[in-house]
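K.L.:
Handing you a structure now.
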């Protein structure tokens, strides 16, 4: 079993306090977060758990989509994923109600219908998507000219890594 860890420190009260996030990889090393960076849209230069969750979802989905496209023999040069978390005030607290994924890529020889199927498969199999108990809405856009459905190239499946 693979384990991933992170450490959070919170100092002072909720609204005036602040915290730091650190990961063993040092990608986050005493990275600041606070009430205002979390619940106000003021451009503060600190992160928040929801932003990190959106980044996790975007990264996981991009890798999953690439995996499933590769299994079908398609080779995207780049996959662009934007993830948006919707944080709503509910009574005295907050709740994440929704996460939107917008993905764009350009792939030769794939028709739009097949791309949508693979995009949905990637969403259903992304580890972060599976961990979330909120609806994840996906909008997948194939840039450029897609192959017509009846004339889409049959791609050789990629070899399975051993």
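K.L.:
On the phi < 0 side of the Ramachandran plot and within 20 Å of the chain's Cα centre (by Cα): does that describe residue 20?
P.N.:
The answer is no for residue 20.
K.L.:
Determine, yes or no, whether residue 95 is within 26 Å of residue 139 (Cβ to Cβ), at pLDDT 90 or above and either more than 21 Å from the chain's Cα centre (by Cα) or not in a helix (DSSP H, G or I) (or both). Can you show your working first?
P.N.:
Working: within 26 Å of residue 139 (Cβ to Cβ): yes; at pLDDT 90 or above: no; either more than 21 Å from the chain's Cα centre (by Cα) or not in a helix (DSSP H, G or I) (or both): yes.
No, not satisfied.
K.L.:
May I ask you to list pairs of residues, at least six apart or on different chains, whose Cβ atoms are under 6 Å apart, with the first in the stretch 90-103 being without any contact (Cβ under 8 Å) to a residue 12 or more places away in the chain and the second being part of a strand (DSSP E or B)?
P.N.:
These pairs meet every condition: 95/88.
K.L.:
Would you check which residues across the stretch 101-127 are within 14 Å of the chain's Cα centre (by Cα) and assigned to a helix (DSSP H, G or I) and list them? Spell out how you get there, then give the answer.
P.N.:
Step one: of the stretch 101-127, the residues within 14 Å of the chain's Cα centre (by Cα) are 101-104, 119-120, 122-127.
Within the stretch 101-127, 119, 120, 122, 123, 124, 125, 127 meet the criteria.
K.L.:
Applying the selection to the stretch 133-148, what residues are at pLDDT 85 or above and loosely packed, with under 15 Cβ neighbours inside 10 Å? Write out each step before concluding.
P.N.:
Let us first name the residues in the stretch 133-148 that are at pLDDT 85 or above, namely 138-142.
Correct list: 139, 141.
K.L.:
Determine if the stretch 109-117 includes at least one residue that is without any contact (Cβ under 8 Å) to a residue 12 or more places away in the chain and under 30 Å from residue 148 (Cβ atoms).
P.N.:
As a first pass, look at the stretch 109-117 and keep what is without any contact (Cβ under 8 Å) to a residue 12 or more places away in the chain: 117.
After this cut, where a residue has to be under 30 Å from residue 148 (Cβ atoms) as well, the list is 117.
Taking every residue of the stretch 109-117 in turn, at least one turns out to be without any contact (Cβ under 8 Å) to a residue 12 or more places away in the chain and under 30 Å from residue 148 (Cβ atoms).
K.L.:
Please pick out the residue among 70, 56 that is in contact (Cβ under 8 Å) with a residue 60 or more places away in the chain, outside the structural domain of residue 5 (by TED's automatic domain parsing) and over 17 Å from the mean Cα position of the chain (by Cα).
P.N.:
On the way: 56 fails: over 17 Å from the mean Cα position of the chain (by Cα).
Just one listed residue meets the conditions, 70.
K.L.:
Going residue by residue through the stretch 75-82, is there one that turns out to be part of a strand (DSSP E or B) and over 30 Å from residue 35 (Cα atoms)?
P.N.:
Initial filter on the stretch 75-82 (part of a strand (DSSP E or B)): 79-82.
Still in the running and over 30 Å from residue 35 (Cα atoms): 79.
So far as the stretch 75-82 goes, yes, one or more of its residues are part of a strand (DSSP E or B) and over 30 Å from residue 35 (Cα atoms).
K.L.:
Does residue 36 qualify as being over 24 Å from residue 128 (Cβ atoms) and assigned to a helix (DSSP H, G or I)?
P.N.:
Details: over 24 Å from residue 128 (Cβ atoms): yes; assigned to a helix (DSSP H, G or I): yes.
Considered against the rule, which asks whether it is over 24 Å from residue 128 (Cβ atoms) and assigned to a helix (DSSP H, G or I), residue 36 comes out as yes.
The values are calculated or read from the model by the stated rules, or taken from the named source; none is laboratory data. Please read these numbers as outputs of a predicted model, since none were measured by experiment. Ideal geometry is used to build each Cβ from the backbone, glycine not excepted, and the neighbour counts take in all protein chains shown.
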